[in-house]
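In what follows, a structure is listed as structure tokens, so that the remarks can point back to it.
The values are calculated or read from the model by the stated rules, or taken from the named source; none is laboratory data. None of the values given here were measured: they were computed from a predicted structure. Don't worry about glycine lacking a Cβ; one is built from the backbone with ideal geometry, like all the others, and counts go over all protein chains shown. Please note that ligands, DNA and RNA were not included when accessible areas were found on the heavy atoms of the full protein model with its side chains. Shrake-Rupley method; radii C 1.70, N 1.55, O 1.52, S 1.80 Å.
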Amino acid sequence: MNEWEWQLLEEKTPVDHLDISGIEVRTGSRVRLRPRQGGDIMDIALAGQIATIECIEQDYEGNPHVCVVLDEDPGRDMGLLRQPGHRFFFDAEEVEPLSEEESRGLSAVQKPTILVAGIGNIFLGDDAFGVEVVRRMGGLNLPSSVRVADFGIRGFDLAYALQDGYETTIVIDACPQGQAPGTLYVIEPDLHELDNPGAPQAALEAHSMNPVSVLRSARAMNIELKNILLVGCEPETLGGEEGQMGLSAPVEAAVDEAVRLVESLVKRILNGDAPSSKIRPKLGSTI
């Protein structure tokens, strides 16, 4: 696209709605996809799928295009910018607005309000604690308002995910606090310290993960940080210079306890009972 085409795009008046078959649609409207005949294999796969309009865009000729995300796409909540392959663009005549009756008959798509983020490096011993906890949480029957995700060492991915405006984010990570290995903690970071010019300013790297660095970077990106909790576990070893696969025995024994702890926190948050803002060690198998 050349400079002239970019200028045309910038001069376009934003489109907040379209009239399709006599029905007004806008961001949030539910539609059925009807790709034109003769499309590729992706069009065939998407035909008949129910989707939600995320935005309405114009090309430099002024033609409207509807950007949608599939209701059944497990990657629909992968950050405000989404990821390639999770946003689809169609011409207006390729989407069919759902009737009010049909829309009411479908369950509403609920945007997650709680993010449970496991972080850590699986090659550094007990640093893999958070990754293992969310892996075991994958089989739980959690409310649709809760998203559980393994971010590993992808600091940028977590920072971008925070753009989706979660009411509460629970970060799970190895957390040295000087207690016995396997001790669990619930910590609410002081978000005001992120703006303290005297505090260390750790840079966010694409292939490392430090919760404070991620939060500082999110704040620098003007992302509103709401309620942040850290569920931490005292490590026995972080792998040393040569690294180590697998958790130590005391940390391995604490994983299932951590799963129950996170479940308890989620239940309390959904019931409106926010945890207190103190470091609370959870020793051994006691909750």
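Of 252, 242, which has the most accessible area and how do the rest follow, probe 1.4 Å?
From most accessible down to least: 242, 252.
Grab the beta carbon distance between residue 58 and residue 263, set R0 = 41 Å, and tell me the FRET efficiency rounded to 0.05.
0.35
Keeping all protein chains in position, work out how much accessible area residue 42 exposes to a 1.4 Å probe, and write it in Å² to the nearest 10.
Here the residue's solvent-accessible area equals roughly 90 Å².
Which FRET efficiency value, to the nearest 0.05, do you get for residue 91 and residue 16 by plugging their Cβ-Cβ distance into 1/(1 + (r/R0)^6) with R0 = 25 Å?
The calculated FRET efficiency here is 0.90.
Are there GluC sites (Glu not before Pro) in segment 34-73 that DSSP marks as loop and that have at most 12 other Cβ atoms within 10 Å, and which are they?
Loop-located and lightly packed - 61, 72.
Summing Lys, Arg as +1 and Asp, Glu as -1, what charge do residues with Cβ under 10 Å from the Cβ of residue 246 carry, residue 246 excluded?
-3
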